[in-house]
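Computed from the coordinates by the stated procedures, all read-outs in this text should not be read as laboratory data. Since the model is a prediction, treat every value here as computed from it, not as a measurement. Quick reminder, even Gly has a Cβ in these numbers, built from the backbone with ideal geometry, and neighbours come from all protein chains shown.
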Amino acid sequence: MNSNLDSDKQRAGATIRCEAVSRSFSGTGLVLDRISFQVEPGEFVAVLGPSGSGKSSLLRLTAGLDQPDRGQLVIEAASGAPSRGFVFQDATLMPWRTVLRNTTLPLELAGWSRADAVGRASEELRRVRLAEFGARYPHELSGGMKMRTSVARALTTQPNLLLLDEPFAALDEPTRHGLQMQLREIWLALGMTVLFVTHSVTEAVFLADRIIVLSHRPARLLLDHKVSLPESRDAELRTSLDYVNEVRRIAAAMPVSGEAS
Amino acid sequence: MTLRARLASWLPPLLPLIVSLGVAEVAVRLAWVPSYLVPAPSEVMQSLFDDRVELLLAAWATLSSALAGLALSFAAGTFFAIALSSSDLARRAFYPYAVFFQTVPIISIAPLLVIWFGFGQPTVIASAAIVSVFPIIASTLLGLKSTEPALLDLFKLYTASSGQILWMLKIPFALPQIFSGLRIASGLAVVGAIVGEFIGGGGLGSVVDAARTQQRIDRVFAAVLISSLLGVVLVGAVNFISALSLGSWHSSERNSS
Amino acid sequence: MNCLLVFLSLAGLPFAAQAAEVAKPTALQFALNWKAEPEFGGFYAAKLSGSFEKRGGLNVDITEGGAGTPVVQMVANSKVPFGIAAADEVVLSQARGTDVVALFAVYQTNPQGIMVHPERGFKSLGDVFAAPGILAIQSGAPYTLFLQAKFANAKVKLVPYAGGIAQFLTDANYSQQCFVTSEPLLAKKKNKPSQSFLIADAGFNPYGTVVIARRQYLEKNPKQARDLIGAIRDGWNDYLRASESANAWMVKLNPAMDSETMKESAEVQKPFILAANTPKKELGKMNSERWTTLVNQLFELKLIKKKPAVEKLFQNI
């Protein structure tokens, strides 16, 4: 799925430098405890951890929606300011807008003309295979289709960095598997940096080049591991020995559930 | 729909009405109940027919005043709510005074309105606006403050200006609440108009006033009937506009049968 | 001797019982349709001088009213036996089959008027209606309809009358209805001179402030009604002679007027109560010509659909 309009600049992903980042909230206390890691351009990184471990907080810091209390989190692109795309756990579509008008939102906010925005957005809708549904309203879509719309929306600005916060958690397994493969295809085609938050070990192993495991709150980095699996991943992979071994290895590094730190 | 189904939906609300009208008619004719307390329904119907031109003209006057008052309160109320929603300090400072519009008894400040706005329609419109403004402020404010946080995050992520957030997110999101407030306000606007007319003259209010002086209870009932119809018409208009705007996407419109 | 004493005392018992019965007064409610003012001075004077007790052993409780007090309905509903109403209300009720009767009229000439600012230079009611400005008058009232019919091409704007003189004091283009014995005096007190025109002079002159009762009640209690009206007549004759003591009482009940204004009002209203040379015992009596005229006028104004029999409207007792 190559787009001829992609330039070299757009192919470049962003760099993330997370240096000793800490964050606390009143009421919950220290959530992130001196987290340090670095992500190279074009890497697909999964962030794993138990519920409440601060994975979402880390993602919000990366998105620029929040600031660390200590340390610094720097995001750089090869040229110019990095642009980010964000996919929430809930598809977060505006119910009063059609699929197409939902997808054009980031471009409208950036001041694009209606015609240009529609053109760009339609491309992304084609990429996620929702081109015929542009005139539908969110309430007419299935959960999986809403999520694909959300992904298309995130891609319209051709971001260097794509941030996803457990986007497939609320979907049934077949839809989830299908979307996971679609996401990898999109990443392989566009080459942006991806930071993917999840609590599912199998999902992390299937999707990512690299997995970061966080402990319970206050979260520390428990593991930073490069996944040794081929670049092209299909449904067959899920039952292969290599895959199962990787899952085991990661699962062993996960903190025991219920264990407070 | 089959005839049976049609009957099943229309008969239950119609039956109590027919029975009570019948009882009232009999009671007045047999002089169980004196006619200066409760008029016979047939007298009210007669009154409606005899005075139909006058009642229609009066109803039109009241309706136009109520509409003007409603337009005023909608504009002012929405503006006020938007202003309050954008500043926590402003809201804490001024919202308690908005509540004043809810609690002030309009019948006691109506004479003041006459002093400020003079006799005639300006007072009536002012009265309708004052009585109907609070539901709009309250509902609109609630709607604006209930924006889904995830959507707000989305807008902030794409560095939307507060103007963009207000216009493209908060207001559309608040539309169901805004219509809900408008629905309540439209009925109140009719009430406010009629109260204003008691003091300022004109419309159905003066019909009721004169009928009262002349002990024509049947005329009073006829005028009251027409004024409830006005309320129904206004609310119906709001519902229509609401269905147009929300019909494609809001569950409240889609699920109503 | 003892037997004689016992016999005499036993014989005296019926008389004692009767005396005891007479000694206990009958409680009666009398409903006014406004606050205590010289308009009702005679009633209060009757109560003060004990006329009600002396005449018929009646303990009359005079209750004040206000805007919209439905005295006619209260009397028709037997909530109160006697009350005050306007003469046209009696006609309207009778036309609708409600049998209330007028028994006594305080005013032979109706003091209903229109009060204007003298600077406007009006010479008659016709001038008032022909000039622009505002006239506050009760909507739907017979005198309102009468004036609207008489001065058909009016330039003045008719607006509802809400009571009081507040607007009159502040607005030079504002005229309003009044009782010539009341509002103009109140305005004078506030240093606002005024000029009044009587609606009676324009041709509408029903009896003013009439005492009413249900015919059924009258038929059951004829002596009581006679005693009451007799005492009221006495009270009004007293009040016309000297109004101070009744005024002193009314001032306490109604702070809107002070005793100086009440005294003046009592004086101003004298010519309205007494036609020329009225003997004392004729005070308050009514005649059928006046009532017939009123019925015809109300019929012409379409306030009544059929004319009630004049004999049913009033009784001089």
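Please report how far the C-alpha centroid of segment C:45-101 lies from that of segment A:181-221, rounded to the nearest whole angstrom.
93 Å
If you find the alpha carbon centre of segment B:57-75 and of segment B:155-185, how far apart are they in angstrom?
26 Å
Among A:Glu173, C:Glu267, B:Glu43, B:Glu197, rank each residue by its count of other Cβ atoms within 10 Å, from fewest to most, as a rough exposure measure.
So the residues, fewest neighbours to most, are A:Glu173, C:Glu267, B:Glu43, B:Glu197.
Can you classify the protein assembly as shown as rounded, prolate or oblate using the Cα gyration tensor, where a ≥ b ≥ c are the square roots of its eigenvalues, rounded means a/c under 1.5, and otherwise it's prolate if a/b beats b/c and oblate if not?
Because a/c hits 1.5 or more and a/b exceeds b/c, the protein assembly as shown counts as prolate.
Would you tally the net charge around A:Leu171, using a Cβ to Cβ cut-off of less than 12 Å, leaving A:Leu171 out, and scoring K and R as +1, D and E as -1?
Result for the neighbourhood of A:Leu171: -2.
Each residue of segment C:205-219 in turn: what ³J(HN,Hα) in whole Hz from Karplus with 6.51, -1.76, 1.60 and θ = phi - 60°, glycine and Pro shown as x?
Result, ordered by residue: 9, x, 4, x, 6, 9, 8, 10, 8, 6, 4, 4, 5, 4, 5 Hz.
Using a simple spin-label model with points 7 Å from Cα along the Cα→Cβ vector, what separation in nm is obtained for A:Val256 and B:Leu244?
6.6 nm
State which helices in chain B qualify, where a helix is a whole DSSP H run, it must extend 24 Å or more along its own axis by its Cα atoms, and its mean Kyte-Doolittle hydropathy must be at least 0.0.
Helices passing the filter in chain B: B:3-29, B:52-85, B:121-145, B:171-200, B:217-246.
Mean-square fluctuation check for chain B, GNM, Cα pairs under 10 Å: which of B:Thr62, B:Thr213, B:Thr123 is largest?
Fluctuation is largest for B:Thr213.
For C:Leu58, enumerate residues with amide H under 5 Å from its amide H, sequence gap 5+ or separate chain, H modeled in the peptide plane.
C:Thr26, C:Glu53
For segment A:127-261, give me the percentage of DSSP beta bridges that are antiparallel, rounded to the nearest 5 percent.
Approximately 50 percent, going by the DSSP bridge assignments.
Kindly work out what percent of the DSSP beta bridges joining two residues of the protein assembly as shown are antiparallel, to the nearest 5.
50 percent
Taking θ as phi - 60°, what are the ³J(HN,Hα) couplings along segment A:202-214 by the Karplus curve (6.51, -1.76, 1.60), each to the nearest whole Hz, with x for Gly and Pro?
4, 5, 4, 5, 5, 8, 9, 7, 9, 10, 10, 10, 9
If you wrap chain C's Cα atoms in a convex hull and average its projection over all directions, what's the area in nm²?
Over all viewing directions, chain C projects a mean Cα-hull area of 19.1 nm².
Name the residues whose placed amide hydrogens come within less than 5 Å of the amide hydrogen of A:Gly71, ignoring near sequence neighbours (fewer than 5 apart) on the same chain.
A:Ser22
Determine the shape class of segment B:1-95: with a ≥ b ≥ c the square roots of the Cα gyration tensor eigenvalues, call it rounded for a/c under 1.5, and otherwise prolate if a/b is greater than b/c, oblate otherwise.
It comes out prolate by the Cα gyration axes.
Kindly provide log₁₀ I(q)/I(0) values, in the same order as q = 0.10, 0.17 Å⁻¹, from the Debye equation applied to equal alpha-carbon scatterers of chain B.
For chain B, the Cα-only Debye profile gives -0.66, -1.24.
Given H placed 1.01 Å from N in the peptide plane, which residues other than close sequence neighbours of C:Ser175 have an amide H under 5 Å from its amide H?
Here C:Ile134, C:Leu135, C:Ala136 satisfy the definition.
Specify the residue with the greatest mean-square fluctuation among A:Gly29, A:Gly42, A:Gly85, computed from a Gaussian network of chain A linking alpha-carbon atoms under 10 Å apart.
Highest fluctuation among the options: A:Gly29.
Compute the Cα gyration tensor for segment C:190-317, then decide on rounded, prolate or oblate, letting a ≥ b ≥ c be the square roots of its eigenvalues: rounded whenever a/c is under 1.5, prolate when a/b is larger than b/c in the other cases, and oblate in all that remain.
oblate
Determine Rg/Rh for segment B:147-257; Rg is computed over alpha-carbon atoms and Rh is the Kirkwood hydrodynamic estimate from the same atoms.
Rounded to two decimals, Rg/Rh equals 1.23.
Simple spin-label model, 7 Å along Cα-to-Cβ: C:Glu267 to B:Leu21 in nm?
6.3 nm
Students often get this wrong, so check it: of C:Lys155/C:Lys307; C:Lys35/C:Lys302; C:Lys150/C:Lys263; C:Lys123/C:Lys192; C:Lys24/C:Lys252; C:Lys24/C:Lys79, which have C-alpha atoms separated by over 26 Å?
Distance filter (> 26 Å) returns C:Lys155/C:Lys307; C:Lys35/C:Lys302; C:Lys150/C:Lys263; C:Lys24/C:Lys252.
Which of A:Ser24, C:Ser196 has the fewest other C-beta atoms within 10 Å, and how do the rest follow up to the most?
Ascending number of Cβ neighbours within 10 Å: A:Ser24, C:Ser196.
Using each residue's phi in segment A:66-73, evaluate 6.51 cos²θ - 1.76 cosθ + 1.60 at θ = phi - 60° and report the 3J(HN,Hα) Karplus result to the nearest Hz, with x for Gly and Pro.
8, 10, x, 6, 9, x, 9, 10
Around C:Arg233, under 15 Å between beta carbons, what's the net of Lys plus Arg minus Asp minus Glu among the other residues?
+4
Quick check on the exposure proxy: order B:Asp153, A:Asp69 from fewest to most C-beta atoms within 10 angstrom.
A:Asp69, B:Asp153
Quick one: Debye curve from the C-alpha atoms of segment A:93-158, no solvent, what's log10 I(q)/I(0) at q = 0.12, 0.15 Å⁻¹?
Computed log10 I(q)/I(0) values: -0.23, -0.36.
Send over the semi-axes of segment C:112-202's equivalent ellipsoid, whole angstrom and largest first, taken as the square roots of 5 times the C-alpha gyration tensor eigenvalues.
So the three semi-axes of segment C:112-202 are 19, 14, 12 Å.
Which value, in nm² and rounded to one decimal, describes the direction-averaged projected area of the C-alpha convex hull of chain A?
Directional mean of the projected Cα hull area for chain A stands at 14.3 nm².
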